[in-house]
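**Q** Mind looking over this structure? Questions follow.
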Amino acid sequence: MRAFSFIFQYLLNPREIGAVLPSSNYLAEKMVDSIDFHNAKYIVELGPGTGVFTNKIIKSRIEHTVVMLIESNKEFCMLLEERYKYERNLIIIHGSAEDINKYTKDFNIPYLDYVVSGLPFASLPKSVSRDILINTKNLLRKNGIFITFQYTLFKKGLIGHYFKHINITREYRNIPPAYVFGCSN
């Protein structure tokens with residue numbers, strides 16, 4: 001069901017979705033591997049899609065950690081709302097990642113410990129990518145980490161313009177294989 005929904009949404013919105021299939025559990029593990037769940041108070045996920053990374057975050061977080069999901073696709077947003085309707089300290093926003101400042105302010109989130117991104121920076125307009133990266137960088141606390149993945153290293157320069165340190169790992173067991181960027185200042 002999840003794969004069919006993902007493929008259907010990709011066919012309708014290829015630039016927005018960015019991949020034909022949802023990310024693998026292997027990639028999801030690698031995406032959350034550097035999160036210190038015991039000490040994280042605020043985690044935002046940009047572009048959660050069908051919730052592959054979200055599942056790992058929800059299962060690993062401690063009860064008081066606030067998790068905000070920002071999803072622009074209405075169908076994915078409705079799927080996430082249904083799946084996580086009983087979760088506490090979970091905020092699901094149907095909106096644009098560009099407006100992360102507004103959403104964190106609306107919900108009195110003073111800073112972010114981690115931002116996990118499933119956004120397809122390779123297919124987003126440069127101005128949109130820039131706004132998302134600037135806003136994310138400004139919201140991260142000192143030693144906070146922005147975690148994203150890309151299928152190529154093409155956008156490393158763009159991301160590196162906003163983050164001094166980028167730790168890159170590769171997950172070959174994803175279709176297609178992906179690079180995971182752990183970004184900090």
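The values are calculated or read from the model by the stated rules, or taken from the named source; none is laboratory data. Just so it is clear, the model here is predicted, and its values are computed rather than measured. Here Cβ is always computed from backbone atoms with ideal geometry, including for glycine, and neighbour counts include all displayed protein chains.
**Q** Cβ-Cβ distance below 6 Å, separation of 6 or more or different chains: which pairs start in segment 166-184 with a residue that is in contact (Cβ under 8 Å) with a residue 24 or more places away in the chain and end on one that is of a type in the set (Lys, Arg)?
**A** Once the first residue is in contact (Cβ under 8 Å) with a residue 24 or more places away in the chain and sits in segment 166-184, its partners that are of a type in the set (Lys, Arg) give Glu171/Lys30; Tyr179/Arg170; Val180/Lys30.
**Q** Additional query: Any idea which residue in segment 162-185 is nearest to Ile109 (Cα to Cα), counting only those that are out of contact with any helix residue (DSSP H, G or I) (no Cβ under 8 Å at 6 or more places or on another chain) and in a loop (DSSP other than H, G, I, E, B)?
**A** Lys164
**Q** Any chance you could count how many residues in segment 167-185 are closer than 14 Å to Gly118 by Cα and of a type in the set (Gly, Ala, Ser)?
**A** Here the count works out to 2.
For (1) touching a residue at least 24 places away in the same chain (Cβ under 8 Å); (2) small (Gly, Ala, Ser); (3) closer than 25 Å to Arg141 by Cα; (4) out of contact with any strand residue (DSSP E or B) (no Cβ under 7 Å at 6 or more places or on another chain), each residue gets a yes or a no:
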site	(1), (2), (3), (4)
His38	yes, no, yes, yes
Tyr42	yes, no, yes, no
Gly47	yes, yes, yes, no
Glu71	yes, no, yes, no
Glu81	no, no, no, no
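**Q** Within segment 154-173, can you find the residues that are at pLDDT 95 or above, over 18 Å from Asn138 (Cβ atoms) and within 18 Å of the chain's Cα centre (by Cα)?
**A** Hits for segment 154-173 are Lys156, Asn167, Ile168, Thr169, Arg170, Glu171.
**Q** Can you give me the number of residues within segment 136-161 that are touching a helix residue (DSSP H, G or I) at 6+ places or on another chain (Cβ under 8 Å) and of a type in the set (Lys, Arg)?
**A** Selection size over segment 136-161: 1.
**Q** Return the only residue of Glu87, Glu45, Glu63, Glu82 being part of a strand (DSSP E or B) and either on the phi < 0 side of the Ramachandran plot or among the small types (Gly, Ala, Ser) (or both).
**A** Glu45
**Q** Of all residues being among the polar types (S, T, N, Q) and assigned to a strand (DSSP E or B) in segment 125-160, which is surrounded by the fewest Cβ atoms within 10 Å (Cβ to Cβ)? Just the residue, please.
**A** Asn143
**Q** Could you tell me which numbered condition Arg15 fails, if it satisfies all but one of (1) modelled with pLDDT under 95; (2) part of a helix (DSSP H, G or I); (3) crowded, with 16+ Cβ neighbours inside 10 Å; (4) not hydrophobic (A, V, I, L, M, F, W, C)?
**A** Among (1) modelled with pLDDT under 95; (2) part of a helix (DSSP H, G or I); (3) crowded, with 16+ Cβ neighbours inside 10 Å; (4) not hydrophobic (A, V, I, L, M, F, W, C), Arg15 violates only (3).
**Q** In the set Pro125, Pro120, which member is without any contact (Cβ under 8 Å) to a residue 24 or more places away in the chain, of a type outside the set (Val, Ile, Thr) and within 21 Å of Phe163 (Cβ to Cβ)? Before the answer, list the steps.
**A** Numbers: Pro120 fails: without any contact (Cβ under 8 Å) to a residue 24 or more places away in the chain.
Only one candidate passes the filter, namely Pro125.
**Q** Could you please find all residues in segment 162-185 being farther than 21 Å from Ala28 by Cβ and loosely packed, with under 14 Cβ neighbours inside 10 Å?
**A** Lys164, His165, Asn185
**Q** Taking only segment 91-118 into account, find how many residues are hydrophobic (A, V, I, L, M, F, W, C) and either assigned to a helix (DSSP H, G or I) or modelled with pLDDT under 95 (or both). Walk me through it before giving the result.
**A** We begin by selecting, within segment 91-118, every residue hydrophobic (A, V, I, L, M, F, W, C); these are 91-93, 97, 100, 107, 109, 112, 115-116.
If we keep only those that are either assigned to a helix (DSSP H, G or I) or modelled with pLDDT under 95 (or both) as well, we get 97, 100.
Qualifying residue count for the region: 2.
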